[in-house]
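J.: Please see the structure below; I have some questions.
A short reminder: the numbers here are calculations on the coordinates, not readings from a lab. Since the model is a prediction, treat every value here as computed from it, not as a measurement. Cβ atoms come from the backbone with ideal geometry, glycine included; neighbour counts cover every protein chain shown.
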Amino acid sequence: MRGFLSKIRLISISDKELNNPLTYPIKFKRIGKGGLLTNGYSAELLPEICNAVLKLQNNYMLPIEYRPAAVRSREFLNIFAKIGIIALIDEATGYQEVRDRDALQQILDKYLRKEYAAWAKRFPDEFYIQIFRLKGWEWKGMKVNRPSIVGKITNDIVYSRLAPGILEELHRINPPTDSGKRKSKHHQWFTDDIGHPSLSHHLYASITLMKVSQEWGQFYRTLKKAFPVSGEQIELIIDEDQ
């Protein structure tokens, strides 16, 4: 990006507005990139760059080879303007809340059925065996009732991380009875085409993370990076020396 800007000589914009942020990008480590630092830039720079390119074109200072950039810049600015207007209207009318609810409902409709299905084994024994190992608890087999804390751990590892709103909706449609037990298992509410395949994939991925972990803290830190809860802030480690 900096190379492009230097070639077209963006004299129409001050250093403080654009050149300085591009000269000193935000450095962060991308997950899955071996810890290598990546340059990041503020999203607010994009319309500034588009405006600068168009200003050069209007002043007949844009090189011929960069004329396609002017076309794309105008397209981007039109999109930004449209999105901005929609956002302002949504904020003024409160429609954004409706939009968010509709999007969430579409997710829930894909994952959860209207009535719970017959029970079938969905959680491999290994899932619980690994929880007990990492917690340092004695494993007595699947036939022995597990402490209630295991249910809370399962909610955290699995249902809260599958998709936004899943755990909250399961609590609503499958609440505890007067006896304190639920009338069905949470996974009995999952759809066959989306819900159960997603659950299975997440379970085996979580088991793999547990198997390669030596203690609970190590596993949980990796889990939060691999499967963050919707809205949960992902920690970015920035190396100040590079």
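J.: Between Thr208 and Glu48, what is the spin-label point distance in nm, taking each point 7 Å from the Cα along the Cα→C-beta axis?
T.: It is 4.1 nm.
J.: Rounded, prolate or oblate: which one fits region 108-195, using the alpha carbon gyration tensor with axes a ≥ b ≥ c (rounded when a/c is under 1.5, else prolate when a/b beats b/c, else oblate)?
T.: Since a/c reaches 1.5 and a/b is larger than b/c, the shape of region 108-195 is classed as prolate.
J.: In addition: Fewest first, what order do Leu223, Leu56, Leu45 take by the number of other Cβ atoms within 10 Å?
T.: Leu45, Leu223, Leu56
J.: Same structure, new question: For Ile173 and Trp216 in the same chain, what is the full-extension length gain: residue separation times 0.36 nm, less their Cα-Cα distance, in nm?
T.: Contour length minus Cα-Cα distance gives 12.4 nm.
J.: If R₀ is 30 angstrom, what is the calculated FRET efficiency for the pair Leu77 and Ile26, using the beta carbon separation as r and rounding to 0.05?
T.: For R0 = 30 Å, the calculated efficiency reads 0.80.
J.: Another question about this same structure. Got a sec to turn the phi values of region 213-219 into Karplus ³J(HN,Hα) couplings, 6.51 cos²θ - 1.76 cosθ + 1.60 with θ = phi - 60°, whole Hz, x for Gly and Pro?
T.: Result, rounded to whole Hz: 9, 8, 8, 4, x, 4, 4.
J.: Could I ask something else about it? Order of His196, His201 from fewest to most other C-beta atoms within 10 Å?
T.: His201, His196
J.: In nm, to one decimal, how far is the modelled label at Ser200 from the one at Ile129, with both set 7 Å along Cα→Cβ?
T.: About 2.0 nm separates the two model spin labels.
J.: In nm, what is the difference between 0.36 nm times the number of residues separating Trp139 and Glu65 and their Cα-Cα distance?
T.: 19.8 nm
J.: Still on this structure, I have one more. Between Ala226 and Lys152, what length comes free when the chain is fully extended (0.36 nm per residue of separation minus the Cα-Cα distance, one decimal in nm)?
T.: Length difference between fully extended and current span is 24.7 nm.
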